[in-house]
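Have a look at the structure below, then the notes.
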Amino acid sequence: MSAALWALVALPALTGAVLLVAGRRADAVAAPCAVASAAAGVALGVVAAVTRPAATAPALAGIPAGLAVDGLSAVMVLTVTAVFLAVVVFSAGELGAGEARARFFGFMSLFAAAMLVTVTATGLLVLLAAWEVMGAVSYALIGFWWHESGRVDSARAALLTTRAGDLGLYLAAGAALAGGAGALELSGLAGLEGVWRDAAVAGVVLAALGKSAQLPFSFWLSHAMAGPGPVSALLHSATMVAAGGYLLVRVEPALAATGWAGPLVAWAGVATAVLLGVVALAQTDLKQLLAASTCAQIGFIVLAAGAGGVAGASLQFAAHAAAKSLLFLCAGAWLVALGARDLEGLRGAGRRHPVVGAAFTAGALAVAGVPPTGIWAAKDAVLAVVLEDSPALYAMGLVAAALAAAYAAKALVAVWAPPLPRSRRRGDGREAEGHDRGPAGGPRSAGVPLSVRAPLLALAVAAVGLGVFALPTWEHWWRTLLNVSGEPGPTGGEMAVSALVSVVALAGAGLVYSRASASAEARAGAEAGTEAETGAGTGAEAGTGAEAGARSFQGARAAGGSGARPLGRWAGDWLGLERLVRIGVIRPTMALARGLAAFDDRVIAGGVRAGADLGLRTARGLAVSDDRAVAGGVRSGAHLGLAAAGAVRDHVETAADHSVGAVASAARTAAAWALRPQTGLLHQYYAQAVVAILVLATVFVLMR
């Protein structure tokens with residue numbers, strides 16, 4: 001069945017690639033293609049979860065690329081495909097017709113494909129590739145409305161922050177390779193020796209905390225709100241943010257093997273759950289509240305991974321994905337329908353759109369952790385394992401659960417409260433301007449269509465229905481599925497305590513916010529009456545709307561604590577983490593960069609320029625010397641040679657001619673003398689012979 005596994009990851013990847021290549025020409029068919037691909041993905045996910053296939057392909061020498069589905073990844077595959085289908089169905093009915101639909105659905109499909117590869121990867125090599133694709137695509141989705149600089153800045157901030165954490169995964173891969181882990185397998189990390197295991201685990205922890213927006217990286221998730229609502233729904237629930245928590249659960253044996261990583265991760269998770277719960281409570285913008293609550297809820301997954309609670313972490317992953325995608329889709333529906341996203345502007349949203357309001361209520365109650373929702377069951381499973389390790393961690397977990405109920409109550413009171421008089425509704429028309437406009441470009445008067453409501457109802461059923469895993473039979477089946485039967489489960493008393501904490505916190509916070517809401521309503525009524533009498537309200541409202549419409553997402557986040565006490569402003573500004581990073585990291589880094597640039601310009605580049613200038617001057621001097629000395633010498637030598645050649649020609653050739661002439665004359669004379677004896681007369685030849693013999697005889701006698 002490996003074909004089903006390949007098809008599971010290839011289908012959304014190919015769909016996304018084709019839509020992106022086709023561009024605006026495919027806008028009309030982009031939504032149907034994405035929905036069909038997502039539906040097929042759900043079917044393939046079911047097949048993969050049942051058959052548990054595995055597949056490998058050659059990658060690098062000795063390092064194959066492997067995918068596999070076991071109990072843990074089966075849960076993730078089903079969750080990712082189901083949530084992705086709900087989100088694209090919602091987007092098909094919600095995204096404006098004038099938007100770049102092919103680009104949107106193309107990137108969303110690639111996003112889902114990268115997450116599916118992440119949850120099925122068996123080794124660091126494939127995991128790294130999917131990790132990078134997910135980060136790059138998230139940048140494109142957060143900055144989807146790229147012509148608005150504020151959104152692009154937010155996308156850049158989110159990308160750079162997560163990239164800083166991603167460097168840890170490269171450290172982990174390098175340490176695993178150096179330590180000899182079998183082909184970089186995730187299951188081999190626990191078996192590494194000494195410092196290589198510590199380095200690899202430290203890298204994984206860093207990357208996971210960054211991706212999951214845990215402390216101190218949490219602030220990037222605030223910037224991620226710049227993207228369209230469906231992007232937030234998918235990113236916060238079943239993909240990128242959850243990927244870090246999943247990775248920690250996957251390498252839980254390695255965390256435990258180090259002895260230090262498990263407690264570190266557990267405390268990081270519970271600290272995030274508590275502090276970001278406070279941040280969520282301080283927000284006045286619904287999407288910012290939900291974003292902070294995502295950090296807090298993923299904190300429970302991280303806490304479970306550190307404590308060794310795989311069953312609770314997996315159930316928290318699935319239950320939170322259903323609830324959080326539901327809440328973000330409801331927020332997106334109201335943003336488009338009402339043009340508002342701040343809690344004051346959303347007053348009465350549940351009354352005006354009761355189906356969306358009911359779905360939102362189900363999601364909020366699930367996030368609050370009240371029985372019988374899925375997060376209630378998951379949270380108890382996590383806390384049961386934590387209690388075995390540390391009562392302090394357990395107590396902190398209960399505090400985080402109470403905070404979750406409190407911020408859920410704040411959102412519920414806002415959306416079900418009676419609307420304020422129009423003059424006090426800061427959200428009216430404000431969100432349709434500037435950075436805060438809805439996906440379709442402004443409020444929609446036609447209400448929420450059925451195609452949008454259907455996925456909301458399905459997710460609401462899932463968010464509540466996953467609470468069945470609190471029942472003993474289903475809990476046992478869940479642990480058997482994950483092959484973690486030995487993990488401790490919650491007792492009846494622990495579940496009662498957890499439920500009581502959540503219900504009391506929900507009711508108490510609901511009462512407090514209801515009274516505050518009633519007071520605000522009374523003040524607004526009095527102000528409306530005064531404005532009606534004076535007729536001065538119109539100009540003031542216009543001025544307020546213009547100022548609010550120009551606020552960026554950072555401004556919306558800061559507004560979470562505006563008008564509050566210093567502690568409230570600190571929490572509303574996401575604990576000032578971004579400011580700390582700017583002061584402690586960005587400014588020193590930029591100062592160092594400017595110093596290095598100055599050193600480069602003045603020393604290195606200056607030295608190079610001085611060397612080049614010296615070389616140029618030397619070359620010019622040599623050229624002058626060459627022209628005047630070398631070339632002059634050559635020319636003089638040439639002239640001397642020509643003169644010598646002329647002299648040779650004039651004297652030597654003449655002498656040679658004379659010599660040759662003399663030799664020729666002598667030769668002619670000798671030849672004439674030699675011809676004189678040749679008379680042709682015989683007697684003269686005899687006489688010559690007698691004379692010669694006499695001469696020879698004389699010479700012979702004389703020589704003796």
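Would you compute the Debye intensity of segment 1-123 from its alpha-carbon atoms alone, equal scatterers and no solvent, and pass along log10 I(q)/I(0) at q = 0.10, 0.13, 0.17 Å⁻¹ to two decimals? Log10 of I(q)/I(0), two decimals: -0.31, -0.51, -0.79. Overall shape: oblate for segment 221-299, with the ratio a/c of the largest to smallest alpha carbon gyration tensor axis at 1.5 or above and b/c at least equal to a/b.
Can you tell me the FRET efficiency between residue 25 and residue 56 if r is taken as the Cβ-Cβ distance and R0 is 35 Å, rounded to the nearest 0.05? The pair residue 25/residue 56 has a calculated efficiency of 0.40. Scaled to the globular estimate 2.2 N^0.38 Å, the Cα spread of segment 262-331, given as radius of gyration, is 1.12.
For segment 290-298, 3J(HN,Hα) computed residue by residue from phi via the Karplus equation (6.51, -1.76, 1.60; θ = phi - 60°) reads 5, 5, 5, 5, 4, 4, 5, 6, 5 Hz, glycine and proline entered as x.
Protein heavy-atom surface of the chain, 1.4 angstrom probe: 69% of the accessible area is carbon and sulfur, with nucleic acids and ligands not counted. For the pair residue 609 and residue 97, a Förster radius of 41 Å applied to the C-beta separation gives a FRET efficiency near 0.10, rounded to the nearest 0.05. The C-alpha atoms of the chain define a longest principal axis, and helix 537-549 lies at about 40 degrees to it. Taken over the alpha carbons of segment 157-306 as equal point scatterers, the Debye sum produces base-10 log I(q)/I(0) values at 0.10, 0.13, 0.16, 0.20 Å⁻¹ of -0.34, -0.55, -0.79, -1.11. Look at where the Cα atoms of segment 212-291 and of segment 626-665 average out, and the two centres are 97 Å apart. Contact order, relative form, for the chain: 12 percent (alpha carbon pairs under 8 Å, 6 or more residues apart, mean separation divided by residue count). Taking a ≥ b ≥ c as the square roots of the Cα gyration tensor eigenvalues, segment 99-204 comes out oblate, since a/c reaches at least 1.5 and a/b does not exceed b/c.
The distance linking segment 479-506 with segment 670-703 is 152 Å (Cα centroid to Cα centroid, whole angstrom). Reported to the nearest whole Å, the Cα centre-to-centre distance from segment 360-398 to segment 45-120 is 28.
For the chain, the longest principal axis of the alpha carbon atoms and the long axis of helix 492-534 meet at an angle near 90°. Once you have a ≥ b ≥ c as the square roots of the Cα gyration tensor eigenvalues for the chain, tell me rounded if a/c is under 1.5, and otherwise prolate or oblate according to whether a/b is larger than b/c. The shape class here is prolate. Approximating the spin labels as points 7 Å out from Cα along Cα→Cβ, the residue 477-to-residue 496 distance works out to 2.7 nm.
From the residues 113, 371, 486, which one has its Cα farthest along the dipole of the chain in the positive direction, the dipole being from +1 and -1 charges on Cβ of Lys/Arg and Asp/Glu about the Cα centre? Of the candidates, 113 comes out farthest on the positive side. Taking Cα atoms only, the orientation of helix 101-120 departs from the longest principal axis of the chain by about 90 degrees.
Stretching residue 627 away from residue 639 to a fully extended chain increases their span by 2.7 nm, per 0.36 nm per residue minus the current alpha-carbon distance.
Ligands, DNA and RNA excluded, the heavy atoms of residue 51 present near 60 Å² of accessible surface to a 1.4 Å solvent probe. Stretching the chain fully between residue 673 and residue 523 yields a gain of 38.3 nm (0.36 nm per residue, less the alpha carbon separation). The protection proxy used here, the mean number of other Cβ atoms lying within 10 Å of each residue, ranks peptides 607-614, 250-257 as follows, highest first: 250-257, 607-614.
Positive end of the dipole of segment 561-695, charges at C-beta (+1 Lys, Arg; -1 Asp, Glu), about the Cα centre: which of 621, 634, 606 has its Cα farthest in that direction? Checking the options against the dipole of segment 561-695, the answer is 606. Each Lys and Arg Cβ is given +1 and each Asp and Glu Cβ -1; about its Cα centre, the chain then shows a dipole of about 1220 debye.
In segment 637-704 the Cα-Cα distances spread across 10 Å bins starting at 0 as 16, 20, 20, 16, 12, 10, 6 percent of all pairs.
Applying 1/(1 + (r/R0)^6) with r as the Cβ-Cβ distance of residue 503 and residue 78 and R0 = 25 angstrom yields a FRET efficiency of 0.25.
The modelled label-to-label distance for the pair residue 146/residue 695, using points 7 Å beyond Cα in the direction of Cβ, is 11.8 nm.
Heavy-atom accessible surface of segment 19-77, averaged per residue, reaches 44 Å², computed with a 1.4 Å probe.
Remark: segment 215-374 carries 15 Å² of accessible area per residue (probe radius 1.4 Å; ligands, DNA and RNA excluded). Close amide H pairs (under 5 Å, H built 1.01 Å from N) link residue 123 with 66, 186, residues at least 5 positions away or on another chain.
The values are calculated or read from the model by the stated rules, or taken from the named source; none is laboratory data. Bear in mind the structure is a predicted one, so any value in this text is a computation, not a measurement. Please note: Cβ atoms are built from the backbone with ideal geometry, for glycine as well, and neighbour counts cover all protein chains shown. When the accessible area is computed, the model is the full protein with side chains, heavy atoms only, and any ligands, DNA or RNA have been set aside. Shrake-Rupley method; radii C 1.70, N 1.55, O 1.52, S 1.80 Å.
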